[in-house]
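Remarks on the structure that follows.
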Amino acid sequence: MTREPEVLALCKSVLAQVKRAEPKAEAGVSVWAMHRAHTRFARNEITTAGENEIFTLSLSVQLGLRSASATSNQTDPASLRGLVERTLAIARLSPELPETMPVQGPVKVAKSALRDDALARLDARGRAQGIVQALAPSLEQGLQTAGFLAVYDGLTALATSAGLSLTQPFTDASFSVTARTKDGTGSGWSGLNTRQRASLDFAGVGKVAAQKAVASARPRALEPGRYTVVLEPTAAGELFEYLSGSLDRRSADEGRSPFSGKVGQKLLSELITLRSDPKTCAMVPFDGEGTPLSPRTWVKAGVLEELGVSRYWAKEKKLQPTGAYDGFEVLPGTSSRAQLLSGIKRGVLVTRFWYSNLVDAKSLSITALTRDGTFLIEDGQVTTPIKNFRINQSVLDALAKVDALSSDRESTGSSAWKLPAVRTHEFLFASQSEAV
Amino acid sequence: MKSLSRRSLLQATAALALAPALAHARGLVTDSTYLNVISAVLAAAKKAGASYADLRIHRRREEGVWVRDDHVEGLHDAERFGVGVRVLVDGAWGFASSPLVAVKEGQRLALVACELAKANAAVVTRKIALAPNPVHVDVWQTALFKDPFKIPVADKAELLLAVCSKLRAVKGINFCEASLSTRLEWKLFANSEGALIEQSQTRLGPDYSATAIHPTTGEFVSRGWDGQPAQAGWEHLENSHFLEDATQVAEDAVQKLNSPSVQPGKKDLILDASNLWLTIHESVGHPTELDRALGYEANMAGTSFATPDTLGTQYASPLVTLFADKTMPGGLATCGYDDDGVRTQRWNLVEKGKFVAYQTTRDQAGWLGEQASRGCSYAMDHDSVPFQRMPNVSLAPGEKDLSVQELIKATDDGIYVVGTGSWSIDHQRYNFQFTGQMFYEVKKGKLTRSLKDVGYQSNTPAFWKSCDLLGGPSSVRMGSAFDDGKGEPMQSNAVSHACPPARFRGVSIINSAAKKEGA
C-alpha cells in the first residue's frame, strides 16, 4: 500500500474509529509504507537478496493529559479496531503526562521532490547488473569484495483529528562496496546515498573501493599522536553527526550539554556553516508531529546560532518550536581535494571511521577507529598507506581547528546530508589498531 | 481452501523430503490459517524449483514506559506481524516477506523469493549446502511465573516514578530517567523437511540513571543502574533490587562527580561482572562468528582476527574458558531451536585459553568441514533474512570460589571497574576501549578512593592472555545486550553473557575526558 489517497484514507478511517470509540479523544496517525529491495554480496558473489513490503502505522491518542501511542503493521479491519482499542485502553490507564502537546492542526507544506520513478523501477536484474559493474574493477585486480545495495520506494503520511493531512512520497538507495586484497593487508571502501537512479553510480563506487584497497596494501606503522588530518566526507560526517545530535535546547538549558550557555558564541571554525533546508537537503519537509520544516542555520561561520526546540520546551520557555530535523548540510568550501592536501608537511588522510561512541558528553569527545583507507600525507601528497588508529577526540576541538573545506560535497550515510571533506589539525590518534 | 490438520500438513511437506519422524508436540498452534499458509508456501516454493524452503510467521510486541524526573514521559505499545519466506534454488538463497499472512500472499512470496534466488544463482560460484539436521516438531517458551504484559502499565509507571523519587531525594542529583521495556517474540517455523516449531520468548529490560551537575564548574556525570535485561517474567524485576538500589546509584553519581580524574598509565584491572560481560561480547562473542571470520560481514561489521587457521592457537591465558550457550536460563538469546530449526546447545569457543570452535549455522557448517550446525541462525522479525547471530557467550568461573573482594585483596596497585559506559572495538576485533560506571583505586589490597574519567584500552589477544585471576562460581553474574546490531539491512539481536569478576595485568588506562592526555 504505497498510493497516497489509499494511505490517507486509511489514516482518516483510523481517526474516525478513535472518535467513535471515545468522542473526547484527540488523535494522530502516521504511516510509513515502503517496498524495500536489497541485495548483499561478499567474497565476490551475491549472498542474500530479499524484497519486503514494510508498513508501519502509528496511532497516538490523547485524553486530556493522558496519552499513549501504539504501532502496528496490520491493516485489516479487526487489527485496526484492536489497535484503536489498545491505544485508548493504555491512555485511559495512563497517569497524566505533562509533556503531552495538543495534536497539530492543518498546515501548508510544499511537497519535496524526493521520488524518482527510474529508481523505483530498478528491479532484481537491474540491481544484479549494477553490482556486477561495481565488482568489475576488483575482479580485474584479484580483490575480494563485499557490499550492500538497498532500494526503497515509499510514502509517509500524517493525519490528525485537528485536521492535519500530509503526505510525502520518496525513493531512496544506499550502495557501498568494501574491497580487500587477497593477502589481507589492504582494504578500501566507497559508498553513496541517493534518491535518484541517475546518481546511483555503481561503477564509480566499485572503482574507488578497488583503488583504495590496492593503495592501502602493506601499510606501515605510524606513531600515535596529534596530526593534521584530511577527513573525507564520510569521515567528516561522523563528527557532524555528533554535532547535529547535540543541538538540543532543552538539554542545554538543563546544563547537560556542551552547548549550555553557548548560543551566540563562536565555537567552530569560521569556515563552518551547518544548515537544514528541505530545498537543498533531500529531506521530508515535515517532522513526525507535522511541524513544517523551514530553512534553519544552526552554525553560521562558526557561531552557534540556534538549537532545536521541541513543542513542549517551546511552551515551557516561551520559545518558537523548530521542528525535528534529520537532514543537514555543511556549506562547501573553495578547495579542491588536491588543495586540501597542499601545505601539509606530514598528516593523515582518513576515508572513514568505525564504531564511534561518545566518551565525554561535556566536551563532545568521541572514540572511533579509522578504516578502509588510511594514508600518510607528506609534503602535500598522499604517499604511503598506514595502519589504522583509534581516535579519542573532542568533536568541537576538531571542528574549531578546520582551516579548509572541499568545494565538492557527498551524500554518505543519508541522502538528506551533504558534506564536504575537511582539513583540521592536532587531531588525536590515541593508539594503533592492527585491523585491516 | 480446505483447512489442514497438522498430519496432513506434514504429509504435504514430506513430498519435499524424507518423511519426518513425528515428535509428540505439546500445544502446537492449530490455527488452520497458519497451517494453510505453511502448506501453500512450501508447495509453491517446490513448484517454482526450490530444493529447500522455510518460513517464519513472526510476531514481535514491545511495550515501553519512560519516566523523567517526576513525571511519565511516554507510553508506547508496538506490534509487528508477518511472514518471511526463504528458499534455496540452484544453491542460492532468495527471500521475500509481507505483513499479510494469507495463502495467496504466501504463494506470491514463494515465487518472488524463487525468482530472486534464480537471479542470484547466475552469479553464485559457491553453492549453498545445508548441514543435515533432524526434523523437529516441538514447542518452546520462556520459563516464567508472571507474564509482564499482564502487569498494568500504570503499575509499571508507578514503579518507575518510585525509583525516580528515590534518586531525586539524594542531595546533588539534578535529573533522573527510568524506563521499562517488555518484549515478546513469537514465531512459528516450518520447513520443507517437515519441521514445525512454535516458540515464544518474553524479555524484560529495566533501566534507570541519575545525573549530577557540579554547581560551579557545570561539569556533569550520570550513573546508570547495573541491573540487566533478562528473558524472564515479572519476577525478574521483583527479585532484582530495582527500587532498593536507587539511593546507592544516586549517591554514586554525586560521589563520581566529586572524584579525582584518573591519571593515565598501565594498571592492573579488576573488572566487575557488571563491566566484563560487555568486553566478552565485543572481544570474544563477535570475533568467533564464522561469517565474520570468512569475510561475509566485511562491508559493515568487519572481519575477525580469529581466522580458521588460528583454531587451536592461544586466544587467552590457560585460566580462561569461554563458552557459547543458547540454553542458559534467563539468557536473552536462549531458545529451543534456532531459525534453521536446529536444537540449541552449549559448546566451548575457547578452552583453557585455546580457540577451539566457531558459531555456525546450517549453511556455514560445511565451510569448516563440520557435520552439523551449532544452532546460531536468527532473524529479528519476519522482514529479516536469517543469518548467523551470537548466542549467549560466557566466561567460566575459576575453580576456587573467590569473591570480588578476594580479587581486590590480592591486588597491589590497580583499578576496580563497575558497570558499563562507552564501548568501541575495531573491525577485526583487536583494539578496544571501554569505560564504566564507577571506578575505584586499589592499593595494597584495599579500595582507597573513587575515580572518574577512567577508560581502558587494549588488544584482544594481549588482554585475554593477561587474565591471571578469576572469581569463583558464586561470583558469576549475567549481563545483557538488548539490541546488538549486525548485518545489512541491520538486524538487532538480544544476547546475554554470564561471567565472574576477573583480573587483567598491566592494562592501559586512559583519561576519557582528555583532562590528562595519555594512551
Separation of region A:55-109 and region A:377-436 by C-alpha centroid, Å?
44 Å
Reachable lysines from B:K104, Cα under 17 Å, same-chain residues fewer than 8 places away excluded?
B:K2, B:K46, B:K47
Per the rule of 0.36 nm per residue minus the C-alpha distance, extending B:V29 to B:T313 adds in nm 97.6 nm
Are there trypsin sites (Lys or Arg not before Pro) in region A:37-120 that DSSP puts in a loop and that have at most 12 other Cβ atoms within 10 Å, and which ones?
A:K108
Tell me, what is the FRET efficiency for A:R125 and B:E399 to the nearest 0.05, using R0 = 45 angstrom and their Cβ-Cβ distance as r?
0.15
Mind grabbing the base-10 log of I(q)/I(0) for region B:6-257 at q = 0.10, 0.11, 0.15 Å⁻¹? Debye formula, identical points on the C-alpha positions, no solvent, two decimal places.
-0.66, -0.73, -0.95
So if the hydrodynamic radius of the protein assembly as shown is defined as the Kirkwood radius over C-alpha pairs, what does Stokes-Einstein give as its diffusion coefficient at 4 °C and 1.567 mPa s, in µm² per second?
44 µm²/s
Quote the charge dipole size of the protein assembly as shown about the Cα centre in Debye, to the nearest 20; the model charges only the Cβ of Lys and Arg (+1) and of Asp and Glu (-1).
660 debye
Residues in region A:342-367 that a label on A:D379 would reach, taking backbone N under 19 Å of a point 7 Å out along Cα→Cβ
A:342-349
Counting only DSSP beta bridges fully inside the protein assembly as shown, the antiparallel percentage to nearest 5 is 90 percent
Out of all Cα-Cα pairs in chain B, roughly what percent, to the nearest whole number, are more than 30 Å apart?
53 percent
A:I344 long-range amide H proximity, modeled H, under 5 Å
A:G380
Lysines with Cα under 21 Å of A:K387, excluding same-chain neighbours fewer than 8 positions away:
A:K182, A:K212, A:K345
Can you give the direction-averaged projected area of the convex hull of the alpha-carbon atoms in region A:120-205, in nm²?
7.3 nm²
For region A:344-417, run through the trypsin sites (Lys or Arg not before Pro) and keep only the ones in DSSP coil with at most 11 other Cβ atoms within 10 Å of their Cβ.
A:K345
Calculated FRET value between B:T217 and A:E223, using beta carbons and R₀ = 41 Å, to 0.05
0.75
Based on alpha-carbon centroids, what's the gap between region B:152-228 and region B:422-445 in Å, whole number please?
23 Å
Stokes-Einstein D for chain A at 37 °C, 0.692 mPa s, Kirkwood Rh over Cα pairs, in µm²/s?
138 µm²/s
Just going by the charge dipole of region B:6-257, with Lys and Arg at +1 and Asp and Glu at -1 on Cβ, which of B:L184, B:C164, B:A246 is farthest out on the positive end?
B:L184
How many percent of DSSP beta bridges within chain A run antiparallel, rounded to 5?
90 percent
In angstroms, what radius of gyration and Dmax does region B:337-406 have, counting Cα atoms only?
15.5, 49
To the nearest 20 debye, region A:105-208 has a Cα-centred charge dipole, built from +1 on Lys and Arg Cβ and -1 on Asp and Glu Cβ, of 160 debye
Take region A:307-396, compute every pairwise Cα distance, and split them into 5 Å bins from 0; I just need the percent in each bin.
3, 11, 12, 13, 18, 16, 10, 6, 5, 5, 2, 0
Interchain or long-range residues, amide H under 5 Å from B:G74's placed H:
B:W66
Place a +1 charge on the Cβ of each Lys and Arg in region B:6-257 and a -1 charge on the Cβ of each Asp and Glu, then give the dipole magnitude about the Cα centre in debye, rounded to the nearest 20.
1380 debye
Expressed in nanometres to one decimal, the distance between label points 7 Å along Cα→Cβ at A:R81 and A:A324 is 3.2 nm
Can you work out the base-10 log of I(q)/I(0) for region A:221-260 at q = 0.25 1/Å, using the Debye formula on its C-alpha atoms alone?
-0.82
May I ask you to evaluate 6.51 cos²θ - 1.76 cosθ + 1.60, the Karplus curve with θ = phi - 60°, for each residue of region A:381-395 and list the ³J(HN,Hα) values in order in whole Hz, giving x for glycine and proline?
10, 6, 10, 9, x, 10, 5, 6, 10, 8, 9, 10, 8, 6, 4
Between region B:343-371 and region A:182-213, what is the separation of their alpha carbon centroids in Å?
33 Å
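Can you put A:M34, B:M390 in order of accessible area, largest first, using a 1.4 Å probe? Numbers along the way, then the final one.
Details: A:M34 35, B:M390 0 Å².
Largest accessible area first, the residues go A:M34, B:M390.
Over all directions, the average projected area of the alpha-carbon convex hull for region B:265-518 comes to how many nm²?
The orientation-averaged projected area of the Cα hull of region B:265-518 comes to 13.1 nm².
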Kirkwood-Stokes translational diffusion coefficient of region B:412-519, alpha-carbon pairs, 10 °C, 1.306 mPa s, µm²/s:
102 µm²/s
Return, ordered by residue number, the residues of region A:193-232 whose backbone nitrogen is under 17 Å from a label point located 7 Å along Cα→Cβ of A:Q141.
A:202-220
Under DSSP loop assignment and at most 10 Cβ neighbours within 10 Å, longest GluC sites (Glu not before Pro)-free interval of chain B:
B:1-243
For chain A, with +1 on Lys and Arg beta carbons and -1 on Asp and Glu, the positive-most of A:F259, A:F148, A:Q381 along the dipole:
A:F259
Straight-line reach only, C-alpha to C-alpha below 17 angstrom: list the lysines that A:K111 could link to, leaving out same-chain residues fewer than 8 apart.
A:K279
Would you mind checking the tilt of helix B:32-47 against the longest principal axis of the Cα atoms of chain B, expressed as 0 to 90 degrees and rounded to 10?
70 degrees
A:E254-A:S294 FRET efficiency (beta carbon distance; Förster radius 30 Å; 0.05 resolution):
0.70
Asserting the computed 222 nm helical MRE of chain A (DSSP H runs at least 4 long, -39500 (n - 2.57) per run, divided by residue count, to nearest 500) equals -7500 deg cm²/dmol
Region B:383-474: which trypsin sites (Lys or Arg not before Pro) are DSSP loop and have at most 14 other beta-carbon atoms within 10 angstrom?
B:K400, B:K444
Take A:F429, B:F220 and sort them by solvent-accessible surface of the protein heavy atoms, 1.4 Å probe, largest at the top.
B:F220, A:F429
Nonlocal amide H pairs with A:Q196, under 5 Å, H built at 1.01 Å
none
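The values are calculated or read from the model by the stated rules, or taken from the named source; none is laboratory data. Being a predicted model, the structure only gives us computed values, none of them experimental. Positions of Cβ are backbone-derived with ideal geometry, glycine not excepted, and every protein chain shown enters the neighbour counts. The accessibility values were calculated without ligands, DNA or RNA, using every heavy atom of the protein model including side chains. Shrake-Rupley method; radii C 1.70, N 1.55, O 1.52, S 1.80 Å.
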